Amino acid sequence: MTAAPAPARHDNVTTTTAACPVCGTPFSPVRRQRYCSPACKQKAFRRRGPAPASVPPPPPVPRPARVYQCGECDQRYLGEQWCHDCNRPCRALGPGGLCPCCGEPVAISDLREQTP
C-alpha cells in the first residue's frame with residue numbers, strides 16, 4: 001500500500017475558488033486570503049472580539065473617614081482637613097464617624113478612652 005501524495009503547498013495552485021465565510025460570496029483568493037473584501041474581514045474580526053463583561057467588578061471598599069480637629073477653635077470635622085471658621089489646617093485625630101446620639105464627629109480613639 002502506498003500513501004496518497006501530500007497536497008502541494010502552493011496556495012495559488014491548490015485553491016481556485018472559495019466562499020467568503022461572512023457573506024458566502026464566491027471569490028478567487030490571493031495567497032491565503034479568507035474573506036472576499038476588507039469589509040467582511042473587519043466584520044469577522046468584530047464577531048470574534050471579546051464578549052462584554054456580564055458582571056461589573058465590585059466597587060472599591062470605602063476607607064474609613066478621618067476625624068480632624070481645629071487647633072484654634074477645637075471644632076471637629078469629618079473628612080475635612082481645613083477649618084472653615086479659622087481658615088487654618090486641622091490636625092488628624094484618626095479614623096471615626098458621626099455619633100449616633102448627637103451627630104458630632106467622634107474619633108475611634110475617643111471611644112476607646114471612655115470604655116472602663
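The value of relative contact order for the range 66-114, using C-alpha pairs under 8 Å at least six residues apart, is 34 percent. Put in line by how crowded their Cβ is, counting other Cβ atoms within 10 Å and starting with the fewest, Cys23, Cys101 read Cys101, Cys23. Kirkwood radius and radius of gyration were both taken over the C-alpha atoms of the range 66-114, and their ratio Rg/Rh is 0.97. Relative to the 2.2 N^0.38 Å rule of thumb, the range 32-107 has a C-alpha radius of gyration ratio of 2.42. For the range 41-84, the Kirkwood radius over C-alpha pairs fed into Stokes-Einstein at 4 °C and 1.567 mPa s yields D = 84 µm² per second.
Every number in this text was worked out from the coordinates using simple rules, so none of it is lab data. These numbers were taken from a predicted model, which means no experiment stands behind them. Every residue, glycine as well, gets a Cβ built from its backbone with ideal geometry; the counts of neighbours run over all protein chains shown.
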